[in-house]
Each structure stands twice: as C-alpha cells, then as structure tokens.
Amino acid sequence: MISKAKRTKLRNRIWQYVTLRREFWNVPRAIKGCRKIARNDKDRLHVLICDHIGDFIYTMGYMDALLKQTGYANVTIYVTEKFASMTDLFPGYKGDIQVINRHELYNLLLIDSTWHGIQEYKRLDNLIAINPTNAFTCGEYGYIAKFHEIHFGDCIRYGCLHLKKDARFVAPTVPTEADSGGELSTAHYDMTNTVIIMPYARYLNDIGNETWEKVTDALTSVGYKVYTSIGSEDEVPVNGTIPFLCSLKELMVFAPQAKMVIGTRSGLFDLLAYTESRLIAVYPTGLSDISFHSMEALPDSKAKYYEYEETTIREMIKDRRINELFL
C-alpha cells in the first residue's frame, strides 16, 4: 500500500516530467509548425480553433469583425473534421477551411502554453491560436475564472482576437434539411411531450448521475418522455431515458421541438442558445466561477434560458416542484 505522501511525491514527479517534455520537446515542435503555417502565406490570416463548441461559435461569430480590424482579405481556419461542417452555420464566412486531426491541432496550440512559446507566438502577426484551456496564463485555466467580472466570451473576444468592445458578433443560423445537404433526418425521433437531458460536459463534470436519475424520475412521473443526449456510443444514457444520438446540426433542429433541454452547462448550451429552445443549465453546487460561464453574456441569443445550481434542482425535486422548471 503506497502512502498518501508517496503518491503525492510520485504525482509531482510525473507532472514535472510532463512539464519538461512540453517545454523542451512539444513546444519547440509547435513553434516550428506554426511558423511553417504563418510563413507559407504571409498575406493570409491563419486561425487555429480548438475543438470546443463555445470557442468555435465565438471565433466564427467575430470572424468578420476580426478581418475588418486586422485588414486581412483572406483567412484560413484550422479545425477538426467535426467542426468543418459547422461552418455552414455562418453563411457569411467566405474563407478557407483546413481540416486537421485533433492531435495535430493541439500540438500546434501548445505554442502559447509556456513563456518561451508565447514570445515566439507574438512574432507571428498573421496567426491566431484559440486555446482558452490555458486561459492565456501559461497553462492554468482556472486562473482567469477567478476574476468575476470576466466572462469566457471575453477571453475569446479580447484575449485571443484582441477585438474592440464594439466588435459586431454574427450569430450562427439554425440549419434546415435544405441547407445541410440532406444531413438532417428528423423522422427517427418523436419529440412530442419530450425533455432532453444533456449530462455530459468536458469542463464542468462534477454533477453526479444520481441527480440526473432523480430528474428523470420526476419528469417521467408527470408524463414526459426523457431522452439523454449522447455525443458518442461511449456515453451512457441516464437510467430510465432513451438514448439520443445525433449530430450537432440535428440537435439544433430537435431541441426547439422539445418541451425543455436540461443539463450540465457545456458548449452545447452555447450552440442551442441561438435556437428557439427552452434551456436549463445546471452548475455544480458551490462552483465559484458561475459568472465566468453564465449564458447571460452570450451575445444576441434567442433561447429562453435559466441557470441553477445542482442543489436547487435537487430541492425542487424533493419538494415536488419539478413543474416550476416549465413556468
């Protein structure tokens, strides 16, 4: 049995190794890769966008303002395959799209994860890295969230893109069967009297499955059919719900048809905020940086939304006040 002190020491050693490898191996490779991209076409703006929904929406929404402010006539965005098709949501975008795999993308984004990398990054005037996982503070995402007047969107608009306060945001459009190349197939889900639960999130993942099972029980007890939105076959639906597997574009079409969408605050809410949906975003109890993620700061959103802590949801269920979610 390894003692707690030895486990801590081992964990620190591993982290030191990871940090040194990043500094002396990964970051130099990122610098070399970014230099190659930037210098290959100096008259073009190159934008690397990490594969997070919120980051993608904010970046694409401000793309026109970015081009006007920087003076570039041509732009190429570098995204994973999942997000390449999402550019259709921004019909005003006329730039190029370069699809790269996730591993390669994150290797390039490491350029601004250390002090040395950041100095080199500043020299590449025509390259922008959208990577808020390091929050522009050399590797610590939680640091920027401690400032309660700052919103995640500000990190993109000001921290990454360096835009002015009056920069115009262009909201994503809701796809239809006609403009999606036949991708949408709405016939295989019956959305009559339904609620969609979205329990999975990449950052705020502290809400236990027990809470979602209680939500499901409360909703089914008053006659609702409950789906669990799953992003892949690896994600497990909440007990008592029907698995709901669809593309992001399809979700934008289905969500407004549901009575309500409730789930852990994630990038999916950034996406659905631009649909005529009824949204309830749930935050882990005691989270200190709720304002950093609040949907209140989303520009030009269309959805009707509410935000609660997990404790509040559980109290409403316990007191049989689940119908208050629909008021």
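The numbers here are math on the coordinates, done by the rules we state, and not lab data. Note that the coordinates shown come from a computational prediction; the quantities given were computed from them, not determined experimentally. Backbone-built Cβ (ideal geometry, glycine too); neighbour counts: all protein chains shown.
Some notes on this structure:
- Rounded to the nearest whole Hz, the Karplus-based 3J(HN,Hα) values (6.51 cos²θ - 1.76 cosθ + 1.60, θ = phi - 60°) of segment 97-109 follow the sequence 10, 10, 8, 10, 6, 4, 4, 5, 4, 6, 5, 5, 5, with x at glycine and proline.
- Highest average packing first - 244-256, 160-172, Cβ atoms within 10 Å: 244-256, 160-172
- Added length on full extension, which subtracts the Cα-Cα distance from 0.36 nm per residue, Glu324 to Lys122: 67.7 nm
- Cα gyration tensor category, rounded, prolate or oblate, for segment 30-106 with a/c compared to 1.5: oblate
- By the count of neighbouring beta-carbon atoms within 10 Å, fewest first, Val261, Val174 end up ordered Val174, Val261.
- FRET efficiency, 1/(1 + (r/R0)^6) with R0 45 Å, evaluated for Glu81 and Arg168 via beta carbons: 0.95
- Packing-based ranking of 65-74, 150-159 yields 150-159, 65-74, ordered from highest to lowest mean Cβ neighbour count within 10 Å.
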